[in-house]
Amino acid sequence: MGASKGQKLSGMQKQVLSLYRGFLRAARSKPAEDRRQIESIVSAEFRQNSKQVDRKNFLYIEYLLRRGKKQLDQLKSPDTIGLSSVNVSSSKKQNADT
Amino acid sequence: MASSLIRRAMNVTCRVSLSTVAPASRLVVVRPYAGEAEAQKVEPKAAASTNMKTFQIYRWNPDNPAKPQLQDYKIDLKECGPMVLDALIKIKNEIDPSLTFRRSCREGICGSCAMNINGCNGLACLTKIESGSSETTITPLPHMFVIKDLVVDMTNFYNQYKSIEPWLKRKNPPPTAGKEIPQSKKDRAKLDGMYECILCACCSTSCPSYWWNPESYLGPAALLHANRWISDSRDEYTKERLDAVNDEYKLYRCHTILNCARACPKGLNPGKQIQHIKQLQLTG
């Protein structure tokens, strides 16, 4: 959550937006149902990160940008049909000596 | 009862053969040894001496993104193998399972465990832990993007290796069809010092020129492999390979700093191979 679309965007904000555009363009080349699923996952992830991640945390934003670029390259290939994510919750209770 | 007590007391100190035979004909053997009472006592454990060493390890977690930190871990060197990788595995097993690092062969041939130990790049499985009580600092390879803790992003490095086309390219079929391309022993000896490279990236990440231009300068590792294919007598695309590298940024960012030769854990000299390419560029 930073400058509104009208004001001047920083270089990093432009990179994030161009990555988002890249994802939407890649989604356009997929069949309709997969396209909707990709768009919903991608927009949800970007919105969540924009709210949670601090604007000044450059290290983390750059890490997310690099990860996103790699995922976009994978998505662009014609074999990939969609995205999915798995939530692994780390439970503290582990079975020790049994 | 009294007699049995005396007998037991005698047993502790010495054993006397109680024989009823006349003493003149019998030799009395006295052997001092500890009796049953002594055996029941438990031996105290050998004095527990420890040799503690502190490891300062770079930590950064992408899931809880804060500033990267150096975390301290104390390890008893008496219960740990001699190499830094043994210490890392011990820390991960016993103290902190969330410590993340790459490792595979533990014998210095795969190149996975390349990291910066006490300021010098090297393989963790080949670097001995320094004796003495000074702290050991372990950080990831310098000037590389960090994915987590000691794991770095090597894709740029691998793409540069791919870009020099590290495979045999020929224009004509082999001299005897269906059989191997012959190579004399002298020509094969030209490849020594280049084929042993394990692509650990210690050399490239120790080169200041590579730090400042990681995307355009190929780096000592890729140029070493470029020279390996240029010097291969079986390869027929030598001129094209030389022209592909003959670029202000790809080759000539090398200013013979020679940090690469110092950092290589296999003892190779990438700087020398780069000099060879530069010489070929002059004469070719």
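The values are calculated or read from the model by the stated rules, or taken from the named source; none is laboratory data. No experiment lies behind these values; they were computed from the predicted model shown. Cβ placement follows ideal geometry from the backbone for every residue including glycine, while neighbour counts extend to all protein chains displayed.
Would you confirm, using the coordinates I've provided, whether A:G22 is surrounded by fewer than 16 Cβ atoms within 10 Å (Cβ to Cβ) and more than 13 Å from chain B (Cβ to nearest Cβ)? In short, no. Looking only at residues of the stretch A:26-38 that are surrounded by fewer than 16 Cβ atoms within 10 Å (Cβ to Cβ) and of a type in the set (D, E, K, R), we find that the one that is farthest from B:Q69 (Cα to Cα) is A:E33. Taking the criterion of being in a strand (DSSP E or B) and under 22 Å from B:A114 (Cβ atoms), the residues of the stretch B:60-72 that qualify are B:Q69, B:L70, B:Q71. Is it fair to say B:Q56 is in contact with a strand residue (DSSP E or B) (Cβ under 6 Å, 6 or more places away or on another chain) and without any contact (Cβ under 8 Å) to a residue 12 or more places away in the chain? Against the criterion (in contact with a strand residue (DSSP E or B) (Cβ under 6 Å, 6 or more places away or on another chain) and without any contact (Cβ under 8 Å) to a residue 12 or more places away in the chain), B:Q56 does not qualify.
Going through the stretch B:200-216 one residue at a time, which ones are aromatic (F, W, Y) and over 27 Å from B:R103 (Cβ atoms)? Write out each step before concluding.
If we filter the stretch B:200-216 for residues that are aromatic (F, W, Y), which is where we start, we get B:210-212.
The answer is B:W212, and nothing else.
Criterion first (within 14 Å of chain B (Cβ to nearest Cβ) and under 26 Å from A:K14 (Cα atoms)) does A:S85 satisfy it? Here the answer is yes, as A:S85 does meet what is asked. Do the conditions hold for B:A177, that is, is it out of contact with any helix residue (DSSP H, G or I) (no Cβ under 8 Å at 6 or more places or on another chain) and aliphatic (A, V, I, L, M)? In short, yes. Condition first: part of a loop (DSSP other than H, G, I, E, B), out of contact with any Asp or Glu (no Cβ under 9 Å at 6 or more places or on another chain), under 30 Å from B:G122 (Cα atoms) and modelled with pLDDT of 60 or more. Can you find one or more residues in the stretch B:41-49 that meet it? No.
I'm trying to understand the selection: among the residues of the stretch B:104-150, which are charged (D, E, K, R) and more than 14 Å from every other protein chain (Cβ to nearest Cβ)? It would help to see each step written out before you state the result.
From the stretch B:104-150, those charged (D, E, K, R) are B:106-107, B:128, B:130, B:135, B:148-149; that's our starting set.
Selection gives B:R106, B:E107, B:K128, B:E130, B:E135.
Looking at B:I57, B:I75, B:I91, just one residue is farther than 15 Å from B:C113 by Cβ, surrounded by 12 or more Cβ atoms within 10 Å (Cβ to Cβ) and of a type outside the set (F, W, Y), and that residue is B:I75.
Does the stretch B:258-276 include one or more residues that are touching a Phe, Trp or Tyr at 6+ places or on another chain (Cβ under 8 Å), in contact (Cβ under 8 Å) with a residue 12 or more places away in the chain and not in a helix (DSSP H, G or I)? Don't jump to the end; show me each part of the working.
Filtering the stretch B:258-276 for residues touching a Phe, Trp or Tyr at 6+ places or on another chain (Cβ under 8 Å) gives none.
No, that holds for no residue.
Kindly indicate whether B:K239 is on the phi < 0 side of the Ramachandran plot, surrounded by fewer than 21 Cβ atoms within 10 Å (Cβ to Cβ) and more than 29 Å from the chain's Cα centre (by Cα). Walk me through how you get there before you give the answer.
Working: on the phi < 0 side of the Ramachandran plot: yes; surrounded by fewer than 21 Cβ atoms within 10 Å (Cβ to Cβ): yes; more than 29 Å from the chain's Cα centre (by Cα): yes.
Judged against the criteria, B:K239 is a match.
Look at A:E39 and say whether it is farther than 20 Å from B:W60 by Cβ, among the acidic types (D, E), more than 10 Å from the chain's Cα centre (by Cα) and at pLDDT 90 or above. Taking the combined requirement at face value, the residue satisfies it. Scanning for something at pLDDT 85 or above, under 28 Å from B:A66 (Cβ atoms) and away from every other protein chain (no Cβ under 14 Å), does the stretch A:50-71 turn up at least one residue? Scanning the stretch A:50-71, I find at least one residue that is at pLDDT 85 or above, under 28 Å from B:A66 (Cβ atoms) and away from every other protein chain (no Cβ under 14 Å), so the answer is yes. Of the residues making up the stretch B:169-202, those that are closer than 21 Å to B:T155 by Cα and in contact with a Phe, Trp or Tyr (Cβ under 9 Å, 6 or more places away or on another chain) are B:L199, B:A201.
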